[in-house]
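Here the structure is laid out as structure tokens; the discussion comes afterwards.
What follows is calculated from the coordinates using simple rules that are stated; it is not laboratory data. Everything quoted here is computed from the prediction, not taken from an experiment. Glycine also receives a Cβ, built like all others from the backbone with ideal geometry; neighbour counts cover every protein chain displayed.
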Amino acid sequence: MGVSINAEKCIGCGVCVQVCPEVFNLDDEAGKGRIVDAARADEIQKLVKEAVDCCPIGCINW
Ligand code: SF4
């Protein structure tokens, strides 16, 4: 199961990027979070889980 962001709900707050920049990035043009390296999510599960928990909208699926 891969990690993904529900772009419709995402408010582009950047919290996921602060918590786990290895996997998440901000798309400045779209003003949304995006996944930059889904393959790394399995390696650093703790950080990804923290990002999921910290997302104020709950729009990261993992
Ligand atoms: S923490 Fe959630 S709402 Fe904020 S940029 Fe990341 S995915 Fe979007």
Quiz item: Which GluC sites (Glu not before Pro) from the chain combine a DSSP loop assignment with at most 10 other Cβ atoms within 10 Å?
Solution: 8, 29
Quiz item: What residues qualify as long-range amide H neighbours of residue 33, i.e. H under 5 Å apart, gap of 5 or more or another chain, H built at 1.01 Å from N?
Solution: 12, 27
Self-check item: For the chain, fraction of C-alpha pairs farther apart than 18 Å, in %
Solution: 19 percent
Quiz item: Hey, got the dipole for segment 4-57? About the Cα centre, +1 on K and R Cβ, -1 on D and E Cβ, debye to the nearest 20?
Solution: 140 debye
Quiz item: Which whole-Hz ³J(HN,Hα) couplings does segment 40-48 yield from phi under the Karplus relation 6.51 cos²θ - 1.76 cosθ + 1.60, θ = phi - 60°, glycine and proline marked x?
Solution: 6, 4, 5, 5, 10, 4, 4, 5, 5
Quiz item: What is the list of residues in segment 29-62 whose amide nitrogen lies under 13 Å from a point 7 angstrom out from the Cα of residue 11, following Cα to Cβ?
Solution: 55-59
Quiz item: With Cβ to Cβ distances under 13 Å as the rule, what net charge do the other residues near residue 47 carry (K, R +1; D, E -1)?
Solution: -3
Self-check item: the chain: calculated mean residue ellipticity at 222 nm from DSSP helix runs of at least 4, using -39500 (n - 2.57)
Solution: -6500 deg cm²/dmol
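State, as an integer percentage, the relative contact order of the chain based on alpha-carbon contacts under 8 Å between residues 6 or more apart. Numbers along the way, then the final one.
Working: 100 pairs, mean separation 26.9, N = 62.
Contact order relative to length: 43 percent.
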